[in-house]
Amino acid sequence: MTTDLLTTAGQHTKKIDPELVRRCIEPGATTPEAMTISEAGRAIAREIVGDNGPEDGIRQRCVVATGDPAIKDLLVFSNDPVKAGIGAISAGVTIYTDIRMVKTGIIKKGHECQIECVLDIEGAPQLAQKLGITRTSAGFLSAAQGLENSIVVIGNAPSAAITVSRMVEYGIRPVMVVAVPVGFVNAAESKEKIRKIDIPSIICTGTRGGTPVAVACINEMIIMSGKV
C-alpha cells in the first residue's frame with residue numbers, strides 16, 4: 001500500500017469526539033472513529049424514538065440499522081420478548097437463524113450462545129426436495145426439538161415464520177422469536193401468525209423488515225444482557 005494512498009484515503013470520515021467515544025457501547029466499534037460514528041447515530045435515533053426503556057433501545061437500533069425513522073412504529077412486542085430474550089441469552093441457549101446473512105450479523109462475543117443457520121442443518125436440503133417446500137422451512141423442520149428453549153431469528157423468509165408458527169401449534173416452544181421477514185408475498189401474513197402465538201415475539205408489521213432489522217433486534221438484546 002503506497003504512502004500517497006494512506007495519506008489521501010486513510011483519513012477519518014468523521015471528526016473524533018472523545019465524549020462519544022467514552023459513551024459508546026457498540027461491541028462492533030473498536031476504533032475511535034467507529035465509536036464516534038456509532039454513538040452519533042445512536043444519539044440521533046434517541047431523538048427520533050425516545051429513550052423510555054429496553055423496547056425503545058431496540059427501536060433505536062433498528063432505526064440506525066435501516067436509516068428509516070418509520071421502522072420504530074412498525075415494531076410490535078408481544079408477551080414480554082425483551083425479558084425473555086435477555087434471559088435466554090444469559091443462559092446460553094442456541095440461536096437459530098433462517099439465513100446465513102442473519103447468522104453472520106449476530107454479535108459473537110460476550111455470550112455463550114451457539115448460533116446455527118437452519119440451511120446448514122443435516123438433512124434439510126433433502127427434506128426440502130422431498131416435500132417441495134422452501135429450504136428455510138425444511139431447515140426449521142429439521143431442527144425439530146432443537147427449537148425447544150431456543151431463540152429463533154427470522155429476517156428473510158416468510159415461509160420460515162409460517163412453519164415456526166405451525167411448529168409452536170404442535171407443541172414445540174422456543175423461548176422467543178424475532179420474525180421480521182421482508183417482501184410482498186406472505187411477509188405481512190407470516191408475521192401476524194407469529195404475533196398471535198403465545199410465545200414472546202418481536203415482529204414488524206407490513207411488508208418491511210429484513211436482515212438488518214432482525215440482526216438489530218437480537219444484537220441489542222445481547223448488549224442488554226450485560227455481558228458485552
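Which longest uninterrupted range of the chain lacks any GluC sites (Glu not before Pro) assigned by DSSP to a loop state (not H, G, I, E or B) and surrounded by at most 10 other Cβ atoms within 10 Å?
1-111
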Query raised in the report: Which part of the range 127-151 falls in the paramagnetic zone of K196, meaning amide N under 19 Å from the point 7 Å along Cα-to-beta-carbon?
Result: none
Query raised in the report: To the nearest 10 degrees, how steep is helix 187-196 against the longest Cα principal axis of the chain, on a 0 to 90 scale?
Result: 70 degrees
Query raised in the report: In the Gaussian network model of the chain, springs joining C-alpha atoms below 10 Å, which of A91, A45, A124 carries the largest mean-square fluctuation?
Result: A91
Query raised in the report: Three principal axis extents, largest first, for the C-alpha atoms of the range 10-95, in Å?
Result: 46, 31, 21
Query raised in the report: So how much slack lies between T31 and K83, counting 0.36 nm per residue of separation and subtracting their Cα-Cα distance, in nm?
Result: 15.6 nm
Requested in this report: On each of the three principal axes of the Cα atoms of the range 74-202, give max minus min coordinate, whole Å, ordered largest first.
Outcome: 38, 29, 27
Report task. Take the alpha-carbon positions of the range 81-129, form their convex hull, and give its projected area averaged over all directions (one quarter of the hull surface) in nm². Result -> 4.1 nm²
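Based only on Cα atoms, what mean projected area does the convex hull of the range 48-99 have, in nm²? All intermediate terms of the calculation are to be shown ahead of the outcome.
Details: hull surface 18.3 nm².
For the Cα atoms of the range 48-99, the hull's average projected area reads 4.6 nm².
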Query raised in the report: Using a 1.4 angstrom probe and counting only protein chains, how large is the accessible area of L5 in Å², to 10?
Result: 80 Å²
Query - Compactness of the range 170-228 - radius of gyration and Dmax, Cα, Å - result: 12.5, 38
Query raised in the report: Can you tell me the accessible area per residue over the range 1-104, all protein chains present, probe 1.4 angstrom, in square angstrom?
Result: 56 Å²
Query raised in the report: With springs only between Cα atoms under 10 Å, which of G206, G67, G155 fluctuates most in a Gaussian network model of the chain?
Result: G67
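Return the percentage of antiparallel bridges among DSSP beta bridges fully within the chain, rounded to the nearest 5 %.
25 percent
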Requested in this report: Would you mind counting up the charge near G155? Only other residues with Cβ under 12 Å from its Cβ, with Lys and Arg at +1 and Asp and Glu at -1.
Outcome: +3
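Kirkwood hydrodynamic radius of the chain from all distinct Cα pairs, in Å?
Hydrodynamic radius (Kirkwood, Cα pairs) of the chain is 18.3 Å.
The values are calculated or read from the model by the stated rules, or taken from the named source; none is laboratory data. Predicted, not measured: the structure shown is a model, and the values here were computed from it. Positions of Cβ are generated from backbone atoms using ideal geometry, with glycine treated the same way; all protein chains shown enter the neighbour counts. Keep in mind that these areas ignore ligands, DNA and RNA; they rest on the heavy atoms of the full protein, side chains included. Shrake-Rupley method; radii C 1.70, N 1.55, O 1.52, S 1.80 Å.
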